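**Q** Take a look at this one; I'll ask things after.
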Amino acid sequence: MARALDEWSLMAELARLELDDNEALRLAQEAERMRELFLTMSRADVDSLEPTTHALARENRVRKDVVDSFENIDVLLNASPELEDEFFLIPNVL
């Protein structure tokens, strides 16, 4: 841990950051914790998992745009706090 603390102190100095020993120690401990988490993830068995994305995908995967009717327009409009004719009124944002 002393070596890691020295490295964090040196990096802070190079970055012109003023860290006291407690802050440098905390950074070193957090970095070690992150390293342990990455090592845990690297040991996970993912050989049987199929990829969920591809770096060279050429098109977006989207659903078909299908027009559908809505039968309960009045119920929906009546649930709105403010209406004008058959339009929802919303507050101005600009």
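**Q** So if I check each of Glu32, Glu50, Glu59, Glu36, which one is in contact with a helix residue (DSSP H, G or I) (Cβ under 7 Å, 6 or more places away or on another chain) and charged (D, E, K, R)?
**A** Unique residue meeting the criteria: Glu32.
**Q** Taking the range 47-78, which residues are aliphatic (A, V, I, L, M) and surrounded by fewer than 10 Cβ atoms within 10 Å (Cβ to Cβ)?
**A** Selection gives Leu49, Ala55, Leu56, Ala57, Val62, Val66, Val67, Val75.
**Q** If you scan the range 1-28, which residues turn out to be surrounded by 14 or more Cβ atoms within 10 Å (Cβ to Cβ) and outside any helix (DSSP H, G or I)?
**A** Matches in the range 1-28: Leu19 only.
**Q** Additional query: Among the residues of the range 31-39, is there at least one that is of a type outside the set (D, E, K, R), part of a loop (DSSP other than H, G, I, E, B), exposed (fewer than 10 other Cβ atoms within 10 Å of the Cβ) and without any contact (Cβ under 8 Å) to a residue 60 or more places away in the chain?
**A** no
FYI, it's all coordinate maths here, none of it is from the lab. Remember, predicted model here, so these are calculated numbers, not experimental data. With ideal geometry, Cβ positions are generated from the backbone for all residues, glycine too; neighbour counts draw on all protein chains shown.
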